[in-house]
1. Whole Å is fine, so just give me how far the alpha carbon centre of the stretch 156-175 lies from that of the stretch 201-266.
2. Multiply the residue separation of GLN210 and THR166 by 0.36 nm, subtract the distance between their alpha-carbon atoms, and state the gained length in nm to one decimal.
3. Reachable lysines from LYS399, Cα under 17 Å, same-chain residues fewer than 8 places away excluded?
4. Would you list MET124, MET142 from fewest to most Cβ contacts within 10 Å?
5. Would you please state which residues of the stretch 27-43 a label at PHE302 would reach in this model, taking the label point 7 Å out along Cα→Cβ and a backbone N cut-off of under 12 Å?
6. Using a 10 Å cut-off on Cβ atoms, rank the peptides 371-377, 258-264 from the highest mean neighbour count down.
7. Convert each backbone phi in the stretch 386-398 into a coupling constant with the Karplus relation 6.51 cos²θ - 1.76 cosθ + 1.60 (shift: θ = phi - 60°), then list the ³J(HN,Hα) values in order as whole Hz, x for Gly and Pro.
8. Would you mind telling me which residue in ILE44, ILE339, ILE143 has the biggest mean-square fluctuation in a Gaussian network model of the chain, where springs connect alpha carbons within a distance under 10 angstrom?
Amino acid sequence: MFLDTLKHIFGRATIIGINQAAVLISLPILASRLDFYIFGQIAIGFLLVQLTWLISDWGIQNYSIEIWRKIGGSSQEFKFTSCAITLNLLIAIFMLFLIWILIQFNVLDFPIKYLFCILPSIVMGSLYPLWFFQVQKSPQDMILPTFLSRLIFIGMVFILVIDNQTASWAFLAQGVNLSLITIYAFFRMYTHYSFKWHYPKIKTVKEIAQNSFPFLVNAITNNQINTFWGFGLSISAGPGAMALFNLGDQIYRAGGAITNIIAQSVRIYFIGKTFHELRFTILFFVFLFITISLTISISADFLINKFFSTEYLPAIKIIKLMMIAWGVHAIVKLLNYPILGETHGADWVNKITYKILFLHASAFLFWMYFFNSPLSLAVVFTSVIGCQLIIFLFHFFHKIR
């Protein structure tokens, strides 16, 4: 079971790892060719894309794992898939409209021309059905196309982004990359899995939206809450602060994407198993997370001094704090559905998530009222993640006792 889990993790982690590595490689290229302020706006754009992907997924990544074994039959699976993809697209369109409103009312310092440039990434990213290959236990299907499309992304950034005037090509390159991956994913679904599109019924789409909403809240709180903190920073402090925070956030996001996969894969293979059967797998990954967290924290000084100008030196402390937060949050994810989902039930986990989300919101308002720097935001954010770990551990030990 442990080896099967590792195999599944390797397939999805390779895909996500390629995606995140491409973004991390592009950062020093963009930072060296763009002004500090423009780089901050590009960082806001990438964050808006990530935020929209998160919301438009609407918890389907985790909800599909819980519901898939109960659907029964390929026809029902294809109906669910068609409705879920329709829901994803509708929410992405709504998010685009919401971002446009924020720009029009000057809440968000992000040029309207950039909004049109991130549109392909948002639409194609929302349509990308990676979760379908996850529940089929065949994420390795997407490794090669992901690798090739990301090479195209890096090549386009390296060749086309020369100065501030050509900065928008960073977004367009991402759109081309996502378009290629998504088109191939649907081609693979139709040819290899005999997928048939079912006309989505409004009633079914609404049911999926209602049932998966708690999983969305859980995904926001336990998988990508950093995206919302970054979004709040972009509104309250602007591109300059985002230029610094983005470096720590991108590393956190890259690692977070991998730990999301690990938690989901553990849940897929160990659902219904006892904690005794799960214990070795959990301890293995906890040790791995702590090791990676400490290694990158120690390497932060070298990374910034080697690949970025002196303007970005304040980001060193941010990276160190965000990596501590990442290590703690990675353990929280393992406690989430894989452990507490078994000991307390998925419904209980989703309910307590609302309380954790309220804790994050309260902490962010506290930061916004008393502070305004990206470093202080990283401190408060790390503190909240630490509190969440304590809460989860308390409930776990209380249950097994």
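1. Computed from Cα coordinates, the inter-centre distance equals 25 Å.
2. So the chain would gain 11.6 nm between GLN210 and THR166.
3. Excluding near neighbours in sequence, the set is LYS273, LYS351.
4. Numbers: MET124 20, MET142 24.
So the residues, fewest neighbours to most, are MET124, MET142.
5. Answer for this model: none.
6. Values: 371-377: 18.0, 258-264: 23.3.
By packing density, highest mean first, the sequence is 258-264, 371-377.
7. Once rounded to whole Hz, the list reads x, 5, 5, 4, 4, 4, 5, 5, 4, 5, 5, 5, 5.
8. ILE143
All of the numbers you see were taken from the coordinates with simple rules; none came from a lab. What you see is a predicted model, and the numbers here were worked out from it, not measured in a lab. Note that each Cβ is placed from the backbone with ideal geometry, even for glycine, and that neighbours are counted across all protein chains shown.
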